[in-house]
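What follows draws every value from the coordinates through simple rules; no lab data is involved. Remember, it's a predicted structure, so these values are computed and weren't measured experimentally. So basically every Cβ, Gly included, is an ideal-geometry build from the backbone, and we count neighbours across all protein chains shown.
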Amino acid sequence: MKNVILVTGLLSIGIFSCTSNENKPPKAESGTVTKTTLIAADTTLKSEEPATKENLFMKDEALGPLSFGADMFYTNKILGPADSESEAEIWGTDGVEHKTLTYENGIVIDMVSKDDNYTINSVKVTSSSDLATRKGIKIGSTLNEVLAAYNKNIERPIADSSKIIAGSIYGGLVFTMEKGKVASIFLGQSAE
């Protein structure tokens, strides 16, 4: 009887240890990344752009309701049709199709096409616009207000106070100052 129990026990251990682990995620040693982890990370980071400080800044910033990456449908819903729209053209600097939407209220939007879906690449507002950044800076705000709102994001040193850059020229806000006040605001990449 003891032999039957011993053989049954050994067979059970053998059967359980030989079962397939196909549905179980692989175990990783401390400090390693498994294939399963990489697949999960890839599906959650579906962005085509790397997570740089500029891209993170751009995703958190806006001019009024207009933010980087918003699509044409949303833009038209918010602003209505543009007063003028340029012909689409491929820029040599990035190889992407661009078109410019211009509105009489001082808003100029650069749209880029990805798979025939146009999205906001940059927004510029000028004197007749009342759109503000997420931190409340708008046309007519003072230099001190810009510095207080974006102090930790401003590129240093500030060589010329006629242009203040929050984020960077590779993705951020450019405040053009005239007589100590904001004359225009650009959201996007100002470097090529």
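Values computed for the structure shown
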| quantity | calculated |
| --- | --- |
| Spin-label pair Ala191/Ser113, simplified geometry with 7 Å Cα→Cβ offset, distance in nm | 2.9 |
| Inter-site label distance for Ala148 and Lys179 at 7 Å from Cα along Cβ, in nm | 2.2 |
| For Ser184, distant residues with modelled amide H under 5 Å away | Thr176 |
| Prolate/oblate/rounded call for the range 52-92, Cα gyration tensor, a/c under 1.5 rounded | oblate |
| Gain on full stretching of the segment that runs from Thr93 to Tyr74 - 0.36 nm per residue minus C-alpha separation | 4.2 nm |
| Mean-position separation - Cα centroids, the range 123-170 and the range 55-106, in angstrom | 19 |
| In the range 53-188, lysine pairs closer than 19 Å at Cα, eight or more apart or cross-chain | 25 |
| Two-site label geometry, Asp130 and Leu56: point separation in nm, points 7 Å out along Cα→Cβ | 3.5 |
